[in-house]
Every structure is written in structure tokens, then in C-alpha cells.
Amino acid sequence: MAGKRSVIPFGPQHPVLPEPIHIDLITEDEKVVEAVPSIGFVHRGLEQLVTKKDFGEMVYVAERICGICSFGHGYGYVNAIEHIMDIHPTDRARFIRTMLFELSRMHSHILWLGLMADAFGFESLFMETWKYREKILDMLEAATGGRVIFSIIRIGGLRKDVPDEVMQGFLPELDKVVEGIKSCEKVFLSDPAVLSRLKGIGYLSKEDAIALGCEGPFLRASGVDTDNRMRGYAAYSSVDFDIITSDEGDSYARCYVRIQEIYQSASIIRQCIEKMPKEGIYVPIKGFPNGEYMTVIEQPRGGACYYVHSSGRKFIERMRVRTPTFANIPALTKTLQGCDVADVPILVVTIDPCISCTER
Amino acid sequence: MRISKSPWLLHYDGSSCNGCDIEVLAATTPRFDVERFGIINTGNPRHADIFLCTGGVNSQNKDVVRQIYDQMPDPKVVLACGICACDGGIFKDCYNIMGGTDTVIPVDVYVPGCAVRPEALIDGVVKALKLLDEKAEKMKRGEYKSLTSAEYEAARRQDAAEEKNNA
Amino acid sequence: MLENLEEIELIGLLNKAKEIKNDGYRVMQICATKIEDDYELLYTFGRGYDIRHIKTVISPGVHVPSVSDIFPAAFLYENEMHDLFGIAIDGINHDYKGGLYRTAVETPFA
């Protein structure tokens, strides 16, 4: 017998969400039948700032699309412009960019582990993971001067060099972080109380993940081995790493994939520091961009597209950013169908939603 | 400084880029540990004494910010965290940004930075603790009641009108 | 300079989309760009690491058929184009009717 249908609003202000998103949950008793997302609470309209800031200043705007994946956004935009203007950054700039990108990925994944722990009510685990995240932020601060927004990248290379001895100092710190995450991994992946909240919750099949346009760890946890880093931008073609996948497709798999990716990132950073070339960090640029290009890169949350359309003027015509969370929302509503109301907060967190990216 | 209460804080992301939000969260974690002042991060406006608002205000979330503020019990203190919450920051020129938090609710402490550093936030929160005590003291004597968001808006409108007349 | 770019007329959009779907592609992004008085619609599809683009130019006021019946995940992009550029899109499977972004300025990019 079908129960009575009712609508439960979720968000925009909710304890589990650091950012606002609103979902109308259409429920039958305790089961969610349908989920209708609505966004727009943090829409700023920054893509239109291209009419007010020139193409060089837009790097700072791009970095502020999101404070978690800030480096990647700056990189994506800069990469598109460099393609249009046919600029080839030096090897050292490429390696430092890769290293900073991976540090950002590590801090983003650890941040997610903490938010996940908070979502299933394990506050001490949240505090523990964020303790290791601070070590990554210290490295980023030593390298760039900023904790979350770096403004180190610019068209043609980098604004400042990272001294070799600073980078050498990262190696022992990385070991400590990896060791710390290994100790947390035991809880995330084998504690019975945690498993009861994750195993089998929010299943998404491989077919659905592909058809609904999923990206990133969400896609890979459903058994699809696509990682845009394999495209070989920056210095990714010069380092070895594995694509982490899982066939289980549930919340546990998403947790597993992200934890393993933290180790992969640490390994990439070590390789970058070992192979770090010596020459300069900046090639001067001439003129204004003329043409269009789309860069696809792998952000911590998945593939992101940066489209730039320019016509040889100081101000570009259009910057368009398609972020991973935007692509993951259709699949999120799919996984919410049929789940218990009590599992909704966890499921929303498992896609690692970044709303300010999504709405720009 | 003597701390007489253990105030709880509520955080809402206006339309920030998330940078300030993770720094607000980082301020509650062991490195910075704002909880040593007896502070707990709560999700319920009815439990909160300090409102940390990040990011500028836009037409879609202005009512959410107002509602959260109005639901908080007196005495309460509002912190604008980060330059976007102070005056709109880099997004000031965006078509969808109305301005800082103080375009819709009264702000007591402004904490600048892009993104705001946890140390600065703690500084701001400590200032807020003092204000909270002062407000509580005045309330006891019946001299103080905080403005509702509707009263605040009316006052702002009147100020703007007076400024226009004077000009 | 976009690789694998095909420029088509609006009338052939749905047939092209079906063809691309049959080739095993999924939608990666859809966006509009205002070029002087016209709008350029760019559809990007991906399969593994392959990417292909479809571009079509429309004049203001022209109705565009939705591809959301072919690619279910396209609805967010199409609603976004409608809300920000004011492009009329017919037959979206989840039509927010202008409610996806409630902006202070209506259709700010138009």
C-alpha cells in the first residue's frame, strides 16, 4: 500500500552543508520518491565580469570561483588562454603547477573526509582529519603565501618561484600526512559503525553514471576508469599514477576512491619534487588572445571544462566554466530516489558538492 | 578579558566562494580551536548567539539571511567574515550581488581578508564576545533591544532619503 | 581552434544529437555566447577522453528544441541558458520555467 506523499524541504541552511543548496524531497513515509534540486543561492554572475576585467585580471576572478578548488580554476582558465595565444610555459612552471594542483587535491579530499565524518556524526574523526589538512595548508602557504586562495598562477607561468629547499621540506611532511590518513582510513573503511552508514547506501550503476554525465570520484566509484589527468596537461604526462576505481558504486566506494587518491596525489607530488627542472618560471606574453578553446581538466571533484571565446581585444567575449558538481547533480537526484530520509544528508555529502563552483 | 557566557555560533554562506567558509570551519578545528572560548558551532538559529555570515548578499538569499537573523534570540552579534561580506569584494560589480551583509542586516564586527584567515576570525569572535556581554548588560537594564531586519531596512531607507535631501 | 568542431544549422540539431548519442557520447556541457546580436550555442559531448563540439548560431527570439529527451542530464544546462541568456528552449524534461537562477537582473547575459 502506498503511503501518503509529502514534500520535505532540505536546505538551504542545513547543519551538514557548509554551503546552501535546496532540495525538495518528495517522500512516501520514510522513503524518498523523488528529489528536485534548486540552486541559485550563491549565484554571483562572475562569468559576466569579463566585460569589466581584462583577460589578465580574470585569472583572479577565476580563482575565486571556488575557495576549495581555487588553484584548479585558475589553472583551467590560464591553460585555455595559453592555448589560444600559443604560449608554452617552462618545464619548471609546469611541474610547480602540477605539484600545487595535487596539494589542492589532497587538501580537498581530506576536507571531504572530515565533512563526511561530521555528516555521520563522528566529530572526533572530523577534527582528526582536519588536523592533517592543516599540514597541507602549511605547505601551500610556504609555497604561495596563501592558505586557500593563492594567486600564484598567471598567464605565461607563475608569479613567483618556489625555492627548491622549501619543496624538499615538503617530503617529510607528506610522509606524516600519509601516515595520519592511513590511521584514519582504518576507521573510514573498516569500523562497523561507519560501515553501517556507508555500505550499500546510494548505489549508482555504471550505466547510469555514464548516462547522467557524472564526473570524478563519483564516476570512478561506479567502475568507470576515466581521469582527465590522463590527458597529460601540465606535467601529468611526465609522472606515473594510477586511476582509482571501485565497482561497488555505493557511498563506501566513493570514500575508498577518495582515500586512495590522496595517496596517489602524495606520490605525484614526490615525483614532481624529484624531477623538478631548474630553469625559469615565466615566459612573457605579447598581444591579446584571439580565438576560442576549451580546456578539460580533472578537479578534485571531477572533470571541469573551461571555455574561452576571445576576439583579439583586451576584454575576452566569454568565459564559461562547467564545474563537476553541476554535472553530478542529475546523478545525485537519481541516487536519492528510494533512499531513507535519514540518509539524505550523507548522500548529498558523498558527491562532495561544491555549490559556489556550480553556481559561479 | 573575562568570558561570562559560552556563546554558540551559526554560520551561513551568503554567496561566498567557499574560501571563507572552510576557514570558518578550520577555526573550529584543533589548530585554531575557537571552541576554547566555550563556542560551539550550531546549525539552529534559535540556539545561536553569534552569526558568522560569509559572502555578499544576492536577491535570492537575502530573505534567508534576514530570516536566520530574526530567528536568533537577543542579545546577538553579527560578524561579516571576509571582504565579500564586508562590501562585496571582487564580486561587487557582478549583476547578482547587492553588496555586503550590512545591506540587509546590522553588522557588529567586520573581519576583512580574502580569504579571511582563521586568526583574524578568532580576533573578530573575541571582539564579538565583548559586545555580547555589553548588550546583555544593557538588556538587563532594559535599555537595549536589537533591530529586526525589517526595522533595519526602514532605518536604512530613511538614512538614504535624508542624505538625498541634504545633498 | 576547437578540435572536432562541427557547425550545423539549428534545424539539424536533434538529428545530430541522436547520431552522437548512438555513437556512445554523453553531454559534457552546453553553453551560449552572445556574438553581436546573435547567440552561438555550443554543445560539447564526451566519450572517454574523446570530445566533440556542435555549434549553431541563432538569432534572438528563435526557439531551440531541447535535447533533454536524448540526453537526460542536459536539463540543467538548458535551464541555465534560458535563465541567463533568455533563449527559449522547448520541451525540457525538467523545466524550471526561469526558476533555476533567480537573478536580480533578468537574463543578464542577453
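The values are calculated or read from the model by the stated rules, or taken from the named source; none is laboratory data. None of the values given here were measured: they were computed from a predicted structure. Heads up, the Cβs are rebuilt from the backbone with ideal geometry, glycines too, and the neighbour counts pull from every protein chain shown.
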Quiz prompt | Residue list for region B:99-157, filter: more than 12 Å from the chain's Cα centre (by Cα) and aromatic (Phe, Trp, Tyr) | solution = B:TYR144, B:TYR152
Self-check item: Among (1) more than 12 Å from chain A (Cβ to nearest Cβ); (2) surrounded by fewer than 21 Cβ atoms within 10 Å (Cβ to Cβ); (3) in contact with a Gly (Cβ under 7 Å, 6 or more places away or on another chain), the one test that C:SER59 misses
Solution: (3)
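Please work out which residue is surrounded by the most Cβ atoms within 10 Å (Cβ to Cβ), limiting yourself to region A:118-145 and to residues that are away from chain B (no Cβ under 11 Å), assigned to a helix (DSSP H, G or I) and touching a residue at least 40 places away in the same chain (Cβ under 8 Å).
Of region A:118-145, the ones away from chain B (no Cβ under 11 Å) are A:119-122, A:125, A:136, A:139-140, A:142-145.
Now narrow it down to the ones that are assigned to a helix (DSSP H, G or I): A:119, A:125, A:136, A:139-140, A:142-144.
From what is left, the residues that are touching a residue at least 40 places away in the same chain (Cβ under 8 Å) are A:119, A:125, A:136, A:140, A:143-144.
On the way: A:ALA119: 19, A:LEU125: 20, A:ILE136: 28, A:LEU140: 21, A:ALA143: 21, A:THR144: 21.
The qualifying residue surrounded by the most Cβ atoms within 10 Å (Cβ to Cβ) is A:ILE136.
Looking at the structure I just gave you, is A:ALA331 within 14 Å of chain C (Cβ to nearest Cβ) and either buried (at least 21 other Cβ atoms within 10 Å of the Cβ) or over 30 Å from A:SER38 (Cα atoms) (or both)? Lay out the reasoning, then the answer.
Working: within 14 Å of chain C (Cβ to nearest Cβ): yes; either buried (at least 21 other Cβ atoms within 10 Å of the Cβ) or over 30 Å from A:SER38 (Cα atoms) (or both): yes.
Yes; evaluated as a whole, the condition is true for this residue.
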Quiz item: Can you pull out the residues in region B:79-100 that are within 15 Å of B:CYS114 (Cβ to Cβ) and in contact (Cβ under 8 Å) with a residue 60 or more places away in the chain?
Solution: B:CYS81, B:GLY82, B:CYS84, B:ALA85, B:PHE91, B:ILE97
Quiz prompt | Single unsatisfied condition, B:VAL78 versus (1) in contact with a Pro (Cβ under 8 Å, 6 or more places away or on another chain); (2) farther than 30 Å from B:THR29 by Cα; (3) more than 14 Å from chain A (Cβ to nearest Cβ) | solution = (2)
Quiz item: Regarding C:LYS21, is this residue at the interface with chain A (Cβ under 10 Å from one of its Cβ atoms), crowded, with 16+ Cβ neighbours inside 10 Å and either without any contact (Cβ under 8 Å) to a residue 40 or more places away in the chain or farther than 24 Å from A:ILE316 by Cα (or both)?
Solution: yes
Practice problem: Identify the single condition in (1) among the small types (Gly, Ala, Ser); (2) more than 30 Å from B:TYR95 (Cβ to Cβ); (3) out of contact with any strand residue (DSSP E or B) (no Cβ under 8 Å at 6 or more places or on another chain); (4) touching a residue at least 60 places away in the same chain (Cβ under 8 Å) that A:ALA93 does not satisfy, given that it satisfies every other one. | Solution: (3)
Quiz item: Counting residues that are closer than 25 Å to B:GLN60 by Cα, which strands (runs of 3 or more DSSP E) fully inside region C:1-108 reach at least 3?
Solution: C:26-35
Quiz item: What is the number of the single condition among (1) more than 10 Å from every other protein chain (Cβ to nearest Cβ); (2) touching a strand residue (DSSP E or B) at 6+ places or on another chain (Cβ under 8 Å); (3) closer than 23 Å to B:ASP123 by Cβ; (4) hydrophobic (A, V, I, L, M, F, W, C) that B:VAL57 does not meet?
Solution: (3)
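Here's a check for you: in region B:60-75, which residue that is touching a Leu at 6+ places or on another chain (Cβ under 9 Å) and away from chain A (no Cβ under 11 Å) is nearest to C:GLY99 (Cα to Cα)?
The qualifying residue nearest to C:GLY99 (Cα to Cα) is B:MET72.
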Practice problem: Determine, yes or no, whether C:ALA73 is over 26 Å from A:PRO289 (Cα atoms), within 8 Å of chain A (Cβ to nearest Cβ) and of a type in the set (Gly, Ala, Ser). | Solution: yes
Quiz item: Looking at region C:25-46, which of the residues that are more than 9 Å from every other protein chain (Cβ to nearest Cβ) and over 25 Å from A:VAL50 (Cα atoms) is surrounded by the most Cβ atoms within 10 Å (Cβ to Cβ)?
Solution: C:PHE45
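From the list A:GLU279, A:GLU274, which residue is modelled with pLDDT under 85 and surrounded by fewer than 18 Cβ atoms within 10 Å (Cβ to Cβ)? Before the answer, list the steps.
Working: A:GLU274 fails: modelled with pLDDT under 85.
Just one listed residue meets the conditions, A:GLU279.
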Self-check item: Filter result (within 7 Å of chain B (Cβ to nearest Cβ) and either touching a His at 6+ places or on another chain (Cβ under 8 Å) or more than 27 Å from A:ASN228 (Cα to Cα) (or both)) within region A:49-63
Solution: A:LEU49, A:LYS52
